[in-house]
Amino acid sequence: MSTYLLVHGAWHSGQCWERVAPLLASAGHRVLTPSLTGYGDKAHLLSPEVGLDTHVDDIVGLITGEDLTDVVLVGHSYAGLVISAAANQVPDRIAHLVYLDAMVPEDGESAADVQPATRALIDLALTSASGWRVPPLPEMPPPFGLFGVTDPADAAWLRTMLSDQPVRCLQQPVRMDNPAVRTIPRAHIHCTVKPEGIPRRPVPAVQPDGTPARVWELPTGHDCMITMPAELAGLLLRLG
């Protein structure tokens, strides 16, 4: 049995994994889908002091507090930063890192370094009335929809879990200075339906642990855990 720790991306909550978690659990695995500070059941904790470091502490605290080992640590979107920095602190507890349509940082990089389009969101937040809130991205016409979700009922459900993101999440750098983190196997899952102008950093053919890159694709939009949960679970189960 493996432990799957699924970490949601910016603006979302742990509820977004509701269709995937039962599929992993039915295969005999333990599944955790926490909401990061400022989202879901922790939305009341949203503040300008919340940043990437806060979310890394959330995940490291859960792993150590629950004494989790053999963890398949999955990060969606922004959470690629979170899982990278968390693994840097507890590499011996992580069996795999899975970057799900995610930012894949190097040591010292922030979200703005990994995805330059993020700089515009930072600038808007800093000049807004709040000075720190980054609102969810707007819905786009099909096939892109709301984070890749185009079904009206699904989009309405998704809206119920969205919160603003503190700008510090996009500004703080990732720390990956522990040599042991480079030995953790990685997998990358890419969603192929995405708007132009948001380039994806190429996945190196050889991963940090010296193995060939594993890159899987899903023919759907960004929030594949909502639009293709069975297919996503099938890919994740290859690692359990």
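The values are calculated or read from the model by the stated rules, or taken from the named source; none is laboratory data. This structure is a prediction, so every number in the text was calculated from the model and none was measured. For neighbour counting, all protein chains shown are included, and Cβ atoms are generated from backbone atoms with ideal geometry for every residue, glycine included. Only protein heavy atoms, including side chains, enter the accessible area calculation; ligands, DNA and RNA are left aside. Shrake-Rupley method; radii C 1.70, N 1.55, O 1.52, S 1.80 Å.
Residues of region 210-239 that are open to solvent by less than 50 Å² (accessible area, probe 1.4 Å) and assigned to a loop (DSSP other than H, G, I, E, B): Ala213, Thr220, Gly221, His222, Asp223, Met228, Leu239.
This table checks each residue for (1) in a helix (DSSP H, G or I); (2) within 21 Å of Pro116 (Cα to Cα); (3) out of contact with any Cys (no Cβ under 9 Å at 6 or more places or on another chain); (4) open to solvent by less than 50 Å² (accessible area, probe 1.4 Å).
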{"position": "Pro136", "(1), (2), (3), (4)": "no, yes, yes, yes"}
{"position": "Pro142", "(1), (2), (3), (4)": "no, no, yes, no"}
{"position": "Asp154", "(1), (2), (3), (4)": "yes, no, yes, yes"}
{"position": "Cys169", "(1), (2), (3), (4)": "yes, yes, yes, yes"}
{"position": "Asp177", "(1), (2), (3), (4)": "no, no, yes, no"}
{"position": "Ala180", "(1), (2), (3), (4)": "yes, no, yes, yes"}
{"position": "His190", "(1), (2), (3), (4)": "no, yes, yes, yes"}
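Here region 192-209 is the region considered, the condition is being surrounded by 13 or more Cβ atoms within 10 Å (Cβ to Cβ) and at pLDDT 95 or above, and the residue that is farthest from Val104 (Cα to Cα) is Val193. The C-beta contact set for region 54-77 (first residue over 21 Å from Leu237 (Cβ atoms), second residue aliphatic (A, V, I, L, M) and open to solvent by 60 Å² or more (accessible area, probe 1.4 Å), distance under 9 angstrom, 6+ apart or interchain) comprises Thr54/Leu45.
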